[in-house]
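See structure below.
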Amino acid sequence: MTAESTPIVKNVPTETISSYAAVGDSFTEGVGDPGPDGTFVGWADRLAVLLDDLAPEHTFRYANLAVRGKLLDQIVADQVPRAKELAPDLVTFAAGGNDIIRPGTDPDEVAERFERAVADLSSAVGTVVVTTGFDTRGVALLKHLRGKIATYNGHVRAVADRYGCPVLDLWSLKTVQDRRAWDTDRLHLSPDGHTRVALRAAQVLGIAVPADPDQAWPPLPPRGTLEERRDDIHWAREHLVPWIGRRLRGESSGDHVAAKRPDLMPL
């Protein structure tokens, strides 16, 4: 593991984590990582499994309140009060990404609302882990937002310092910049991408992990320009055009979707 990618681990007593609630949007719900029952799995569910392995038998409980497509204010209104009510030992809070990618939003202003939510959560639960945004240099739809995301990430780190929150730094996780870490929509992680994020999240909590999230991917055969262009056309037709259409209609992929695990339950 390189010095650049080594996660900063704060003193989180993992042996005392007997309950965990995940708060956020599609990233935390697990979109892109389908499970056998039709729901999504995702990095938060995978992190919960690692935490469950550390807890005494049948004592660990987990809730996932995240819903795809939600903006920061919706997460604060719908999920944060529930997380406070559950009062778990650990909360992961990943929010603001859908705000940042919207035209005209100000990362400074979004960060102010983010900080109020972190302050509110920190007063009622155990450890709050916050996440940065991904480095979007390789995402055609989002690479022009790279500077805006970096600005927001700076604020997230400052908020984390003020409230003593561990940081799940997705920007520095270079292995998720490989296209195999992403679903066909190029907006959500693939199962392998979710797995690498779960492993990094465990490292941030000081948990020994069974594999290195920074492990290099196997080499890929070279791709020709024609093949790449064909993939781009297919992606635009199947994913980009519907995504833009929902934005123009004021719709969200999370409309009429409920949290998959609204209560703290054993795995």
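The values are calculated or read from the model by the stated rules, or taken from the named source; none is laboratory data. None of the values given here were measured: they were computed from a predicted structure. Methodologically, a virtual Cβ is constructed for each residue, glycine included, from the backbone with ideal geometry; neighbour enumeration extends over all protein chains shown. Note: areas computed on protein heavy atoms with side chains; ligands, DNA, RNA excluded. Shrake-Rupley method; radii C 1.70, N 1.55, O 1.52, S 1.80 Å.
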- Query: Scanning for something of a type outside the set (A, V, I, L, M, F, W, C) and buried (at least 24 other Cβ atoms within 10 Å of the Cβ), does the stretch 65-80 turn up at least one residue?
  - Reply: yes
- Message: Just the residues that are farther than 21 Å from R68 by Cβ, open to solvent by 50 Å² or more (accessible area, probe 1.4 Å) and either of a type in the set (K, R) or assigned to a loop (DSSP other than H, G, I, E, B) (or both), please, taken from the stretch 176-205.
- Response: R179, R180
- Give me the pairs, please: first residue somewhere in the stretch 107-132 and touching a residue at least 60 places away in the same chain (Cβ under 8 Å) and under 18 Å from R82 (Cβ atoms), second residue anywhere and open to solvent by 10 Å² or more (accessible area, probe 1.4 Å) and assigned to a strand (DSSP E or B), beta-carbon distance under 8 Å, and either six or more positions apart or on two chains. V129/V167
